[in-house]
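Written out below as structure tokens is the structure these notes cover.
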């Protein structure tokens, strides 16, 4: 039986070598993204005796059963789901942050207040050309800030649409890579290191994909994955070796929508969904700001038409334009402000139409309107920031839970290193023993 | 920092990193609040407080306009008050001259001499009635842009202004009439009949210069002049009470603006003591975290195994 002892020891040495290799591989990849800790699963090689040979002992050592990938499908799914939520919330929050800055930093609110106050100051002496010029300059500043706000909001929208279109490109790239990975997975043999690497790649791609949209996954026995975009009820993105193609459509108001193989698609997570939400909010805010600018123009001009200017002529329109982007001054001469009642003589100190203009403006309360818009965007953003914080905590926990289970713990690998090294040495000792036994047997003769 | 039991090495580093990063971020936020002195860096930090701050800032801007309005009203009314004092001095002088002229001991020629001075005083009165306010408009002409009184060929003064003086808004719905119109203190009732101070002076000058019946005219003018002086002093009282009213609204505005500033500070300003304490606390935690991180990161089984 001594030759058997040697072969048992040889299989033990081999197993220990494999264990050391795997440990070394784990240590080397300790900080590689998406690497899942491998462990070797060994099984005994033994055969039971056949008929009439019940007492026989047939031990043939150990063999590598398979290499275990320590990945938990549930934890991975949690990481994808929560990561998708965080990507949505952070894309929306960063978009809203840009929109908030666009409106707030334009200084439109202060410019409106200054315009109002210059009109109030004009009541002290309606024929003072310096005060009239001040009103026109404040009006010019106000129209300028409205235009800046409109431009900045357009720029914020452009940025969001650019990110969304890049996201769509990424989704298409990842889905075609996933389809390729699926094809290779269906061909790879089970438990090969080729397959574990492919599975790593598959999981990494899925995690990457979940950053752009919420996905639902279904795994086949051979490790291939079927991906649905937009949740479990969504359309198929990847099935086997084929991937559908995602497209982005931009509406006239700047909002975006998605199509998967020409069918409309609703996303509930991922950065694409966040950008879509932020663009929806932007479209609403743009309408609000445009309405405010338009109402200032029409209200002021209507009230202006009911009076006479400093030269006794009927009040001409001071503002032109209908939206925040087009609002401008139609007159630049302060004498054109119709402060006096209609039909007054030139140079009249009558301020009745100025009072009418001011009360008409107070009726639409432009400062209050702008404050409302600012409050709308800032409170939405503040709410999203709170949500984002909570989602980040949840996603962080999910990520740590996954990496605690699938990541490499160097301390544990150090222990494994020692353990396999000892196993190797022990198997060596077995060989030594086999050799000694053989020598002893030879010595008898 | 949570326990590292049962976690992978990369998870340990990742978690330590995110903990240290969040502590650093907190410290930086506190620092920027300290250095800017403002609690809110952008509206979304606290939307409600930001909205309140915007409204308070708007009230502040409008309040400054009210302040200049109050200053303007004060200077206009003070100018009116000074003019009224001069009116009173002139009328008193007219009374002296009328008393002299009413004396029977004077000759007609002497009365004519007095008449010349009365005519001069009449010119002064017209000039005073046409005074200008701080922005160059007629002080006693209501909202008229030109002179308050015009003289015809015969020297008769006619009021050309509007019926009432303009009002200035002082904020919070309060307003004040910024001046007086000429007729408000130059027209009065004397002996049951309406009289006009400028007309009385003109008539007196005419009567004295003409020579005949000067003493009687001066006698009848005396009572009218007395009533005119009463009208002027009444007007001065009105102006004085309006100035008082402006002072009251100014006081009210100052106290309101103090309240506003207090609210602004409360909502928007950094509480230095609290902030410094919190910063100190955060820095301490950050330092401790860094120290314990470097200790834990050094703990490797590889360094123990030989």
C-alpha long axis of helix B:272-298 to longest principal axis of chain B, angle in °: 20 degrees
Nearest 10 degrees, 0 to 90: helix A:2-28 Cα axis against chain A principal axis: 10 degrees
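Can you work out the FRET efficiency for the pair residue B:277 and residue A:386, with r the C-beta to C-beta distance and R0 = 25 Å, to the nearest 0.05? Please list the in-between numbers first.
Details: r = 25 Å, r/R0 = 1.00.
So, using R0 = 25 Å, E works out to roughly 0.50.
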Residues residue A:21 and residue A:165, FRET efficiency given R0 of 41 Å [Cβ-Cβ distance, rounded to 0.05]: 0.35
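Taking every eigenvalue of the Cα gyration tensor of the stretch A:200-274, multiplying by 5 and rooting it, what semi-axes result, largest first, whole Å? Don't jump to the answer; show the numbers that get you there.
Details: eigenvalues 117, 33, 19 Å².
Taking √(5λ) for each Cα gyration eigenvalue gives 24, 13, 10 Å.
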Dimensionless Rg/Rh of the stretch B:57-215 - Kirkwood Rh, Rg from C-alpha atoms: 1.12
Sorted by Cβ density within 10 Å, fewest first, the residues A:52, B:13, B:159: A:52, B:13, B:159
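Averaged over every viewing direction, what's the projected area of the C-alpha convex hull for chain A? Give it in nm², one decimal, please.
Numbers: hull surface 122.7 nm².
Seen from a random direction, the Cα hull of chain A projects 30.7 nm² on average.
Could you work out the per residue convex hull volume over the alpha carbons of the stretch A:129-242, in cubic angstrom? All intermediate terms of the calculation are to be shown ahead of the outcome.
Numbers: hull volume 12.1 nm³, N = 114.
It comes to 106 Å³ per residue, whole-number rounded.
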For the stretch A:93-156, radius of gyration divided by Kirkwood radius, i.e. Rg to Rh on alpha-carbons: 1.17
Length-normalised contact order of the stretch A:113-269 in % [C-alpha pairs under 8 Å, at least 6 apart]: 18 percent
P(r) of the stretch A:113-186 over all Cα-Cα pairs, binned every 10 Å from zero, in whole percent: 17, 21, 14, 13, 11, 9, 8, 5, 1
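Can you sort A:131, A:410 by how many other beta carbons sit within 10 Å, fewest first?
On the way: A:131 20, A:410 17.
Ascending number of Cβ neighbours within 10 Å: A:410, A:131.
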Alpha-carbon centroids, the stretch A:2-23 and the stretch A:418-445: separation in whole Å: 12 Å
Interatomic Cα distance distribution for the stretch A:184-242, bins of 5 angstrom, percent: 4, 19, 28, 24, 14, 8, 3
Cα-only radius of gyration and Dmax that characterise the stretch A:241-284, units Å: 11.4, 41
Span from the the stretch A:333-362 Cα centroid across to the the stretch B:1-71 one, whole angstrom: 45 Å
Alpha-carbon spread of the stretch B:151-286, three principal axes, descending order, Å: 107, 27, 24
On Cα atoms only, tilt of A:270-305 relative to the major axis of chain A in degrees: 0 degrees
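Rounded to two decimal places and with Rh computed the Kirkwood way over Cα pairs, what is Rg over Rh for chain B? Mind showing how you got there, number by number?
Values: Rg = 39.1 Å, Rh = 26.1 Å.
Value, to two decimals: 1.50.
Once the Cα gyration tensor of the stretch B:160-240 is diagonalised, what are the square roots of 5 times its eigenvalues, in whole Å and ordered largest first, as equivalent ellipsoid semi-axes?
Output for the stretch B:160-240: semi-axes of 34, 12, 9 Å.
Between residue A:433 and residue A:58, take the C-beta separation as r, use R0 = 25 Å, and let me know the FRET efficiency to the nearest 0.05. Don't skip to the answer; put the middle values down first.
Details: r = 20 Å, r/R0 = 0.78.
The calculated FRET efficiency here is 0.80.
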Percent RCO, i.e. relative contact order, over chain A, from Cα pairs under 8 Å lying at least 6 residues apart: 23 percent
Equivalent ellipsoid, the stretch B:1-147 (semi-axes from 5 times Cα gyration tensor eigenvalues, Å): 85, 13, 9
Spacing of the two label points (7 Å from each Cα toward its C-beta) at residue A:187 and residue A:137, in nm: 7.7 nm
Shape parameters for the stretch A:46-201, alpha-carbon atoms, Rg then Dmax in Å: 35.1, 127
Where labels lie 7 Å past Cα in the beta-carbon direction, separation of residue B:110 and residue B:261 in nm: 6.7 nm
Over the stretch B:189-306, relative contact order from alpha-carbon pairs under 8 Å, at least 6 apart, %: 17 percent
Distance from the stretch A:297-313 to the stretch A:64-143 (C-alpha centre basis), Å: 34 Å
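Using the Cα atoms of the stretch B:129-179 to build a convex hull, what is its mean projected area in square nanometres? Let's see the in-between values first.
Details: hull surface 15.0 nm².
Answer in nm², one decimal: 3.8.
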Separation of the residue B:295 and residue A:322 label points, Cα + 7 Å toward Cβ, nm: 7.1 nm
Packing-based exposure ordering (other Cβ within 10 Å, fewest first) of B:40, A:272: B:40, A:272
Percent of Cα pairs exceeding the 18 Å cut-off, where the set is the stretch A:355-442: 76 percent
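Volume per residue, Å³, of the convex hull around the alpha-carbon atoms of the stretch A:202-339?
Numbers: hull volume 16.5 nm³, N = 138.
In the stretch A:202-339, the Cα convex hull volume per residue is 120 Å³.
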Estimated translational D of the stretch B:215-285 in µm²/s (Stokes, Kirkwood radius over Cα pairs; 4 °C; 1.567 mPa s): 72 µm²/s
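Could you work out [θ]222 nm for chain A from helices alone, using -39500 (n - 2.57) per DSSP H run of at least four and dividing by all its residues? Round to the nearest 500 deg cm²/dmol. Working shown, then result.
Values: 9 runs with 277 residues, N = 445.
Counting only the DSSP helices, I get -22500 deg cm²/dmol.
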log₁₀ of I(q)/I(0) at q = 0.05, 0.08, 0.09 Å⁻¹ - the protein assembly as shown, Debye sum with one point per alpha carbon: -0.53, -0.88, -0.99
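Bear in mind that the values in this text are calculations on the coordinates, not laboratory data. None of the values given here were measured: they were computed from a predicted structure. For neighbour counting, all protein chains shown are included, and Cβ atoms are generated from backbone atoms with ideal geometry for every residue, glycine included.
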